[in-house]
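*Asks:* The structure follows.
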Amino acid sequence: MAKNLNVTIKFWKQNGPKDKGHFETHDLKNIPDDTSFLEALDIMNEELIAAGKEPFVFDHDCREGICGMCSLYINGTPHGKTERGATTCQLYMRRFKEGETITVEPWRSAGFPVIKDCMVDRTAFDKIIQAGGYTTVRTGAPQDANAILIPKQDADEAMDCASCIGCGACVAACKNGSAMLFVSSKVSQLALLPQGRPEAAKRAKAMVAKMDELGFGNCTNTRACEAVCPKCETIANIARLNREFIKAKLAD
Amino acid sequence: MWLFNSSIGRKLIMSVTGIALVLFVTFHGCMNVVALISGEAYNTICTLLGSNWYAIAATTGLAALVVIHIIYAFILTVQNRKARGNNKYAVTDKPEKVEWASQNMLVLGIIVVLGLLLHLFNFWYNMMFAEIIGNPMQGGFEPTDGFSYMKQTFGNPIFSCLYIIWLVAIWFHLTHGMWSAMQTLGLSGHVWFNRWKCIGQVWSTIIIALFLLVVLAFWFCPDCVGQCDFKLLPFAVK
Ligand code: HEM
Ligand code: SF4
Ligand code: FES
């Protein structure tokens, strides 16, 4: 049976990257607990608009947990306390208590400047991918699926790495503003497969160089990233990236 | 050079200097245990590690490791603060998986440096340095009489307490540092992460326990330490 909840939303307002920003609050009444958190924010925005106020800006797209666009820091946790392995759009009001004040903040990291309110600019991730997160082999016509044999374990592991949706929660959670979990997942998804091996060394070097150039921090293995990753990426990927990178540099 | 201008390179410097320091600390811990058994044997080691060129070269190398480790600790911290940006979160919720030590390595390191300075003042200044400058009676004992210096230092409860705080800080630093160093070297993964963590925990606990044992024994039972007859020990130089 669905219950109804009354909560207060304390949300971050900021006019562009230079603005100092501040919190505002809004009371939401009688929200059914099977409403998604983003739907609750939609309801809040309708109420704000009706009251002649500016709506609250936040990112979202698929709302089914696959695109990586949603990005809110909710009550001190990136994506909020969802069920294990889920994004902000998969957070439901039943996870909150009656009368609770829910604090909503943007990803705060120098690498992700605020565009407006809780919408941040994550093009840095695209630039890292552009630096080497692909293969350039000419594949020609589709091959027989069994022509290149890949151990099941490697295929599964590569798939797990590929499931990183580039949301940036790892950066948001990291006290060092490090993007290593993202970059290592994107390096691993190719490094684990034979198709990715020819360019593995070049890729690791190029992506790490871009990550450093864009000002992301040095990883000190605190594991805050893997604790919040909606896709359950692990720091085993980071160890793999370190290995790939060090090997590549030593081979030069 | 990639070691200095890439994030993974800088981490590698931390990791390699850290591991070298762990090995040194391990050696030092084992050496101290000798003092519990035989004061005479301990002083033989002190003589061996006195002001000869090998010992001075090794000490210089060690000092370089410490200095590099500290310099990079600060470089990493400054860069990481900048990467984090100036906007602090109003609410943060620390996940259980995140160890306290991992978030406070610099603070722990600073306590370690302070302890190190005290330690250099207590021992190195009176022993190796006294020998180098040719003023052997600096601290009241022969510079190779490490055993007497230990009795004197740990007989003072203030010094003993400071050393205990120091040891606890090193323990915390190492419980994170040991697996972190392996992770940085890329020698970790789903399976080895848990193994390194366990090895690091056990290793740092044993070493620190050895140090603690020495401090406590010299503090509370100065008359029962180092009493074995040196000549009966298997490694005695006859
Ligand atoms: C007894 C002396 C010391 C030992 C044995 C030691 C050992 C280690 C080890 C093994 C690591 C892990 C390296 C890695 O993650 O790649 C480390 C990291 C670190 N150490 Fe030390 N250290 C010592 C003294 C210090 C001092 C004096 C400072 C600072 C003033 C310091 C600050 C740091 C910092 C900031 C890190 C980075 C945290 C990380 O990457 O995990 N350490 N240390
Ligand atoms: S590693 Fe996880 S937290 Fe980081 S961008 Fe990918 S999915 Fe998001
Ligand atoms: S909106 Fe696409 S993952 Fe949340």
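*Asks:* Tell me, please, whether a residue that is under 25 Å from residue A:162 (Cα atoms) and surrounded by 23 or more Cβ atoms within 10 Å (Cβ to Cβ) can be found in segment A:63-70.
*Replies:* Let us first name the residues in segment A:63-70 that are under 25 Å from residue A:162 (Cα atoms), namely A:63-70.
In the following step, the residues that additionally are surrounded by 23 or more Cβ atoms within 10 Å (Cβ to Cβ) were identified as A:70.
Yes, segment A:63-70 contains a residue that is under 25 Å from residue A:162 (Cα atoms) and surrounded by 23 or more Cβ atoms within 10 Å (Cβ to Cβ).
*Asks:* Can I ask one more? Can you pull out every residue in segment A:85-119 that is touching a helix residue (DSSP H, G or I) at 6+ places or on another chain (Cβ under 8 Å), away from chain B (no Cβ under 14 Å) and open to solvent by 50 Å² or more (accessible area, probe 1.4 Å)?
*Replies:* A:92
*Asks:* Let me ask something else. Could you grab me the full set of residues in segment B:188-210 that are at the interface with another protein chain (Cβ under 8 Å from one of its Cβ atoms) and surrounded by 17 or more Cβ atoms within 10 Å (Cβ to Cβ)?
*Replies:* B:188, B:189, B:193
*Asks:* Kindly check whether there is at least one residue in segment B:55-73 that is modelled with pLDDT of 95 or more, of a type outside the set (A, V, I, L, M), within 14 Å of ligand 1 (Cβ to nearest atom) and out of contact with any Asp or Glu (no Cβ under 8 Å at 6 or more places or on another chain).
*Replies:* Within segment B:55-73, one or more residues are modelled with pLDDT of 95 or more, of a type outside the set (A, V, I, L, M), within 14 Å of ligand 1 (Cβ to nearest atom) and out of contact with any Asp or Glu (no Cβ under 8 Å at 6 or more places or on another chain).
*Asks:* Let me ask something additional. Looking at A:101, A:87, can you tell me which residue is in contact (Cβ under 8 Å) with a residue 24 or more places away in the chain and closer than 18 Å to residue A:173 by Cα?
*Replies:* Details: A:101 fails: closer than 18 Å to residue A:173 by Cα.
A:87 is the lone residue from the list that is in contact (Cβ under 8 Å) with a residue 24 or more places away in the chain and closer than 18 Å to residue A:173 by Cα.
*Asks:* From B:92, B:144, which residue is in contact (Cβ under 8 Å) with a residue 60 or more places away in the chain and more than 16 Å from residue B:17 (Cβ to Cβ)? Spell out how you get there, then give the answer.
*Replies:* On the way: B:92 fails: in contact (Cβ under 8 Å) with a residue 60 or more places away in the chain.
After ruling out the rest, the residue left standing is B:144.
*Asks:* Still on this model: Only one residue in A:175, A:205, A:247 is away from ligand 2 (no atom under 12 Å from the Cβ), outside any helix (DSSP H, G or I) and either more than 17 Å from the chain's Cα centre (by Cα) or at negative phi (or both), so which one is that?
*Replies:* On the way: A:205 fails: outside any helix (DSSP H, G or I); A:247 fails: outside any helix (DSSP H, G or I).
Exactly one residue qualifies, and that residue is A:175.
The values are calculated or read from the model by the stated rules, or taken from the named source; none is laboratory data. Quantities reported herein were computed from a predicted structural model and do not represent experimental measurements. Glycine gets a Cβ as well: all are built from the backbone with ideal geometry, and neighbour counts include every protein chain shown. When the accessible area is computed, the model is the full protein with side chains, heavy atoms only, and any ligands, DNA or RNA have been set aside. Shrake-Rupley method; radii C 1.70, N 1.55, O 1.52, S 1.80 Å.
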